[in-house]
């Protein structure tokens, strides 16, 4: 019996949705300690996925893509969180199922190999790197000559982007607020990319400058205030600004949090999940709960500076 507990992730921003320099995408993101997807898996005659979860079919498909011919697996989903809220559950669910097959049948694959086989990470490499190693992640996007268009991960068959930086994140408390809404997905997501890209090069250059000369130095120096102000600036630029405009409740909540003392407040991916950093995270949590009025979920977490936790039941880490 195998147990796998995945992290979740914040997708802070895509970087270059202009592509005139020859590359496209590029992402920054952060691995979270919770929420998680937790599964138990064992060899079986067929493919069976059980549990009260919207990820059953996704896990079944991922497992089928890796199973050796004639072999099977039983996966029980013990804990999960919703899809299309900006926390990356689709990638984590697929990788968890794929990794379960990999470990049970000694296939010798890593998270990147599994992502290629199950078709995850074709735009952003953040979720795959979060599953593999955790922490703060910067990826380098893809060659535009290979991708040939502006597409979300769900519509791209390219392998995950190369990781340029993966660094432990400080032990800061992070407030997470998930309004009762959904982010864009499927055809709607594809349409948003097509309608908004290419992003003007000047905006891409500005967000790149903020990442290189503000956000990354603040991360290394553990300067929460500058890191937070960089997050605020990113919300108003590039593809992130277009994502935020699609979630007016999240946009308003971010401003309320800043007014309430947050150093930085941002929206993850297409939302609606909002995250915030500040000296008094308990107060930010209260502000978010008062704003959402029970129409959403608010909690405090930290970064996870390691990837998925994998263990043989009763035997410790695998």
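The values are calculated or read from the model by the stated rules, or taken from the named source; none is laboratory data. Every value quoted in this text rests on a predicted model; they were computed, and no experiment measured them. We place every Cβ from the backbone using ideal geometry, glycine too, and count neighbours over all the protein chains shown.
A single entry from 238, 228 fulfils the requirement of being touching a residue at least 40 places away in the same chain (Cβ under 8 Å), surrounded by 13 or more Cβ atoms within 10 Å (Cβ to Cβ), at positive phi and not assigned by TED's automatic domain parsing to the domain that holds residue 126: 238.
Residue-by-condition table, conditions (1) assigned by TED's automatic domain parsing to the domain that holds residue 268; (2) at positive phi; (3) part of a loop (DSSP other than H, G, I, E, B); (4) without any contact (Cβ under 8 Å) to a residue 60 or more places away in the chain:
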site	(1), (2), (3), (4)
9	no, no, no, no
20	no, no, yes, no
28	no, no, no, no
34	no, no, yes, no
39	no, no, no, no
52	no, no, yes, yes
61	no, no, no, yes
78	no, no, no, yes
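Of all residue pairs spaced 6 or more apart or on separate chains, those with beta-carbon atoms under 6 Å, a first member in segment 107-123 that is in the same structural domain as residue 147 (by TED's automatic domain parsing) and a second member that is surrounded by fewer than 18 Cβ atoms within 10 Å (Cβ to Cβ) are 117/65; 118/65; 122/157.
Where strands (runs of 3 or more DSSP E) fall wholly inside segment 259-318, the ranges with 2 or more residues that are within 24 Å of the chain's Cα centre (by Cα) and buried (at least 24 other Cβ atoms within 10 Å of the Cβ) are 264-267, 274-277. Scanning for something outside the structural domain of residue 285 (by TED's automatic domain parsing), under 30 Å from residue 72 (Cα atoms) and surrounded by 24 or more Cβ atoms within 10 Å (Cβ to Cβ), does segment 161-182 turn up at least one residue? No, every residue in segment 161-182 fails to be outside the structural domain of residue 285 (by TED's automatic domain parsing), under 30 Å from residue 72 (Cα atoms) and surrounded by 24 or more Cβ atoms within 10 Å (Cβ to Cβ). As an exercise: evaluate residue 4 against (1) out of contact with any strand residue (DSSP E or B) (no Cβ under 6 Å at 6 or more places or on another chain); (2) buried (at least 20 other Cβ atoms within 10 Å of the Cβ) and give the number of the one condition it does not meet. Answer for residue 4: the failing condition is (1).
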